[in-house]
Amino acid sequence: MDNGTEKSGSYGQFASQLLGALAGDRGLQSIVEIGFKMLQNPLIVTDKSWKALAMASEVDVPDDKDWNALRENGLLTPDAVAAGVRENLADRIDRSDAAFRYQTAGMAYPRIFKRLTVGEKTAATVSVLEYLKPFSEEDVPLLNLLCDAVSAELQKSRFRQYSRGMLYEDFIWNLLEGRLTDPRAIEERVRLLNLGLKKNIYIFVFDVREYDVRQFSVSYMRDTLEQMISGGRAIVYNNYIVITASFSRARDIFKTELLNLGVFLKKYNIRCGISRRCTQPSELRFYYEQALDAMRVGTHMDGDRYIYPYGEYAIYHISEACAGAGGVKKYGHPALEALMAHDREYQTHFTASLYAYLRSFKNITNAAGALHLHRNTMVYHLKRIEEIMDLSLDNYDAVQQIELTFRLLEYDKKIERYLKWDELPESDH
């Protein structure tokens with residue numbers, strides 16, 4: 001058998017396999033695995049936000065970090081996407097009807113890119129990595145055949161996938177708009193639509209207005225953030241990225257779980273507010289607004305942070321409301337003002353001692369340690385504080401009002417005037 005006949009036979013064999021995969025409804029992954037046998041090189045199908053739809057699962061390419069990112073996370077790294085934007089790669093793919101070879105300095109191996117269309121619009125891209133064998137002219141008709149099959153599969157599954165995504169987005173959008181309020185009707189819709197929304201929900205709201213959209217699109221950022229939050233589903237709503245993360249069992253959002261997310265958000269200048277746990281989807285609008293409150297108040301209090309769980313800022317949300325209605329002058333306890341006036345007049349630091357004592361849950365030893373004081377000195381301070389304020393620190397109501405006054409001072413950024421942590425002497429007047 002000559003080479004021409006052999007190539008023709010291989011082409012026909014692969015065409016038959018692809019047709020069988022399409023007719024048998026075996027899915028996109030099956031088609032990509034056939035494509036790997038056809039081209040004898042790793043390949044991947046990505047959507048327009050560079051999210052992996054399917055890739056050859058048998059291939060390990062240890063020295064290509066972008067390929068590994070796609071294998072491990074299903075998304076290109078933001079740096080890789082930004083590099084592609086700088087090189088106008090997406091635009092070139094959109095403008096090219098034919099496949100083209102491409103390599104930048106950051107790519108360990110050359111690629112062949114071929115755009116896929118559904119309804120005359122670019123829907124996805126097939127990328128082939130020149131890793132196991134060099135590219136050849138014989139790859140072109142095989143790649144075109146593969147792309148025709150992938151396009152047909154995308155066309156076939158487009159309505160199903162699009163409908164599921166749109167049903168979820170429409171459902172969440174209506175909840176956020178307050179258009180769905182009947183708990184029983186909502187529960188029934190979740191069941192009928194098989195949306196996978198579980199009992200315990202947290203709302204993450206990301207403010208993407210300050211990050212540089214020239215690096216990559218909001219849709220790419222949406223998909224990237226969705227990947228970083230387990231149990232999360234993302235939509236774009238009111239110019240924010242909103243993620244509903246739901247879990248079967250109640251759980252808290254711990255700082256350690258958010259560490260990587262915080263590093264990422266800082267890099268791209270994105271801030272995030274997180275609601276408390278929501279157990280009723282009908283109240284999603286309330287918790288969305290709570291996440292916005294957390295982000296606004298948190299940014300005011302801690303501008304150097306990028307993640308703001310509402311639980312950490314709830315007291316400052318109260319302080320914000322008080323500040324708008326009279327603030328410390330109206331709601332502050334006069335006894336604390338008397339103590340601060342004494343500190344100003346006599347250059348003492350009793351306000352700092354009281355603050356540390358209350359922040360330490362009235363534990364004298366811990367408060368003394370926080371201020372590097374001897375315990376006996378702290379005992380003396382507390383005695384003098386009660387004398388100056390003319391009240392007992394065992395008076396629950398008075399102490400609660402003093403606590404609120406401290407929070408108001410913190411919100412107004414005034415408390416540093418009275419708390420000189422590194423200048424406290426061993427004794428005061």
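Restricting the first member to the range 364-382 and to residues that are free of Cβ contacts under 8 Å to residues at least 40 places away in the same chain and assigned by TED's automatic domain parsing to the domain that holds LEU393, and the second to residues that are outside any helix (DSSP H, G or I) and surrounded by 16 or more Cβ atoms within 10 Å (Cβ to Cβ), the beta-carbon pairs closer than 6 Å and six or more apart or on different chains are ASN366/SER360; ALA367/SER360. Number of residues in the range 287-332 that are in contact with a Ser or Thr (Cβ under 6 Å, 6 or more places away or on another chain), crowded, with 22+ Cβ neighbours inside 10 Å and within 30 Å of GLU387 (Cα to Cα): the value is 0. Under the condition of being touching a Pro at 6+ places or on another chain (Cβ under 8 Å) and over 17 Å from CYS147 (Cβ atoms), which residue from the range 40-92 is surrounded by the fewest Cβ atoms within 10 Å (Cβ to Cβ)? Out of the qualifying residues, it is ASN68.
Of the set (1) assigned to a helix (DSSP H, G or I); (2) without any contact (Cβ under 8 Å) to a residue 40 or more places away in the chain; (3) out of contact with any strand residue (DSSP E or B) (no Cβ under 7 Å at 6 or more places or on another chain), all apply to LEU70 but (3).
Residues that are modelled with pLDDT of 85 or more, in contact with a helix residue (DSSP H, G or I) (Cβ under 6 Å, 6 or more places away or on another chain) and either assigned to a strand (DSSP E or B) or aliphatic (A, V, I, L, M) (or both) are absent from the range 216-226.
Selection of the range 350-365 for residues being touching a Phe, Trp or Tyr at 6+ places or on another chain (Cβ under 9 Å) and surrounded by fewer than 21 Cβ atoms within 10 Å (Cβ to Cβ) yields LEU358, ARG359, ASN363, ILE364. Residues of the range 158-184 that are exposed (fewer than 11 other Cβ atoms within 10 Å of the Cβ) and either over 25 Å from LEU53 (Cα atoms) or modelled with pLDDT of 80 or more (or both): ARG179, ASP182, ARG184.
Per-residue answers, yes or no, for (1) in contact (Cβ under 8 Å) with a residue 12 or more places away in the chain; (2) touching a Lys or Arg at 6+ places or on another chain (Cβ under 7 Å); (3) outside the structural domain of GLU153 (by TED's automatic domain parsing):
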position	(1), (2), (3)
SER16	no, no, no
VAL45	yes, no, no
ALA52	yes, no, no
GLY74	yes, yes, no
ASP97	yes, no, no
ALA105	no, no, no
TYR109	yes, no, no
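Listed by position, the helices (runs of 4 or more DSSP H) inside the range 289-403 whose residues that are of a type in the set (D, E, K, R) and at pLDDT below 95 number at least 3 are 334-346. Among the residues of the range 271-286, those that are in a loop (DSSP other than H, G, I, E, B) and among the basic types (Lys, Arg) comprise ARG276, ARG277. Residues in the range 388-397 that are acidic (Asp, Glu) and farther than 16 Å from GLU337 by Cβ: ASP394, ASP397. Return a yes/no flag: does the range 372-381 have any residue that is out of contact with any Lys or Arg (no Cβ under 6 Å at 6 or more places or on another chain) and closer than 26 Å to ALA291 by Cα. No: zero hits. Given the criteria hydrophobic (A, V, I, L, M, F, W, C), surrounded by 14 or more Cβ atoms within 10 Å (Cβ to Cβ), over 22 Å from LEU70 (Cβ atoms) and modelled with pLDDT of 80 or more, does VAL190 qualify? Against the criterion (hydrophobic (A, V, I, L, M, F, W, C), surrounded by 14 or more Cβ atoms within 10 Å (Cβ to Cβ), over 22 Å from LEU70 (Cβ atoms) and modelled with pLDDT of 80 or more), VAL190 does not qualify.
Against the test of being within 20 Å of LEU53 (Cα to Cα) and either at pLDDT below 85 or not aliphatic (A, V, I, L, M) (or both), the options ARG95, ARG115, ARG86 yield a single qualifying residue, ARG115.
Considering only residues that are in a loop (DSSP other than H, G, I, E, B) and in contact (Cβ under 8 Å) with a residue 12 or more places away in the chain, look in the range 131-149 and name the one that is surrounded by the fewest Cβ atoms within 10 Å (Cβ to Cβ). Don't jump to the end; show me each part of the working.
Our first condition is that a residue be in a loop (DSSP other than H, G, I, E, B); within the range 131-149, this holds for 131-138.
Add one more test, that the residue is in contact (Cβ under 8 Å) with a residue 12 or more places away in the chain, and what stays is 131-133, 135, 138.
Values: TYR131: 20, LEU132: 13, LYS133: 10, PHE135: 18, GLU138: 13.
Out of the qualifying residues, it is LYS133.
The lone criterion from (1) buried (at least 17 other Cβ atoms within 10 Å of the Cβ); (2) touching a Phe, Trp or Tyr at 6+ places or on another chain (Cβ under 7 Å); (3) modelled with pLDDT under 85 left unmet by TYR418 is number (2).
Find all pairs meeting these conditions: Cβ atoms under 6 angstrom apart; at least six residues apart or on different chains; first residue within the range 343-358 and in the same structural domain as LYS383 (by TED's automatic domain parsing); second residue of a type in the set (A, V, I, L, M) and part of a helix (DSSP H, G or I). Close Cβ pairs (under 6 Å, with a partner that is of a type in the set (A, V, I, L, M) and part of a helix (DSSP H, G or I)) amount to PHE350/LEU339; PHE350/ILE385; THR351/LEU339; THR351/MET340; LEU354/ILE385; ALA356/ALA367; ALA356/ALA370; TYR357/ALA367.
The values are calculated or read from the model by the stated rules, or taken from the named source; none is laboratory data. In this text the structure is predicted, and so the values were computed from the model without any measurement. Counting neighbours? That spans all protein chains shown, and the Cβs are built from the backbone with ideal geometry, glycine included.
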